[in-house]
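**Q** Attaching a single structure in structure tokens format; questions to follow.
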Amino acid sequence: MLLGVVVVAAALGYLIYGGIREAAVYYVTPTELKGKGASAADQSFRLGGMVVPGSLHWDPGTLQLTFRLTDGKEQVAVKHTGSPPDLFKEGAGAIVEGKVASDHLFVANTILAKHSEEYRPPPAGEAQAKDLYRTLMKPAEERR
């Protein structure tokens, strides 16, 4: 009976370890994706990297967005249909969710734009901040 408990505990431990290991990888890099080769075709991935400057092309008429993501070593061409997020731009970080097409093109259905995690309030004395403060200080009857 003790042997059975040990086997069950080991199996559960292995399953938990494997699940945590898979969940710990939030996204793959272009180098990791290229390393998967043909086995990556038609699998869903989260791909993360920096948008290569000069690679971003968006056609507002067809809503076709194409760009390349890089991790500094490899680049992956990405295609998305839809409007890009507001913070999405060249030289910035992005994570895309989608699949690798047969022609080595990553077809994204979602784009997540990374942004700076550092908050910087407007500098003291900046006109925009002064205007905002002034509107907040007006009496209620003047704001109507």
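Readers should treat all values here as calculations from the given coordinates under stated rules, not as data from a laboratory. What you see is a predicted model; the values in this text were computed from it and never measured. A quick note on method: Cβ atoms are made from the backbone with ideal geometry, for glycine too, and the neighbour counts reach across all protein chains shown.
**Q** With label points built 7 Å along Cα→Cβ from the Cα atoms of ARG46 and THR81, find their separation and express it in nm.
**A** Using points 7 Å along Cα→Cβ, the separation is 2.5 nm.
**Q** May I pose another question? Amide H of GLU74 versus every other amide H placed in the peptide plane: which residues, excluding those fewer than 5 positions away on the same chain, fall under 5 Å?
**A** THR31
**Q** Under 1.5 on a/c is rounded, so check that first for region 39-82, then, if it is not, pick prolate when a/b is larger than b/c and oblate when it is not; a ≥ b ≥ c are the square roots of the alpha carbon gyration tensor eigenvalues. If you can, show how the numbers build up before the last one.
**A** Details: a/c = 2.86, a/b = 1.28, b/c = 2.24.
Taking the square roots of the gyration eigenvalues as a ≥ b ≥ c, region 39-82 is oblate.
**Q** OK, next. Going by C-beta contacts inside 10 Å, put LYS34, LYS89 in order with the fewest on the left. Don't skip to the end; give the middle numbers.
**A** Numbers: LYS34 17, LYS89 14.
Fewest to most other Cβ atoms nearby, the residues stand as LYS89, LYS34.
**Q** Just subtract the alpha-carbon distance of GLU90 and VAL6 from 0.36 nm times their residue separation and send over the number in nm, one decimal.
**A** Values: separation 84, 0.36 × 84 = 30.24 nm, distance 5.37 nm.
Full extension of this stretch gives 24.9 nm more.
**Q** If amide hydrogens are placed 1.01 Å from N in the peptide plane, which non-local residues have theirs closer than 5 Å to the one on VAL28?
**A** Amide H neighbours of VAL28: ARG46, LEU47, GLY48.
**Q** Let me ask another. Give me THR66, THR29 sorted ascending by neighbouring Cβ count inside 10 Å, so fewest comes first.
**A** Details: THR66 14, THR29 18.
Exposure proxy ranking, most exposed first: THR66, THR29.
**Q** With an 8 Å cut-off on Cα pairs and a minimum separation of 6 or more residues, tell me the relative contact order of region 24-113 in percent.
**A** Working: 200 pairs, mean separation 26.8, N = 90.
Result for region 24-113 is 30 percent.
**Q** When the Cα atoms of region 24-113 are enclosed in a convex hull and the volume is divided per residue, what value in Å³ results? Please list the in-between numbers first.
**A** Numbers: hull volume 8.3 nm³, N = 90.
Spelled out: Cα convex hull of region 24-113, divided by residues, is 92 Å³.
**Q** Checking the a/c ratio against 1.5 first, then a/b against b/c, what shape does the Cα gyration tensor give for region 60-110?
**A** Working: a/c = 1.88, a/b = 1.12, b/c = 1.69.
Note, shape of region 60-110 comes out oblate.
**Q** Something else: Across region 1-105, how many lysine pairs, 8 or more positions apart or on different chains, have C-alpha atoms separated by under 15 Å? Please give the number. It would help to have the intermediate numbers written out before the result.
**A** Values: LYS34/LYS73; LYS34/LYS99; LYS36/LYS99; LYS79/LYS89; LYS79/LYS99.
Lysine pairs meeting the criterion: 5.
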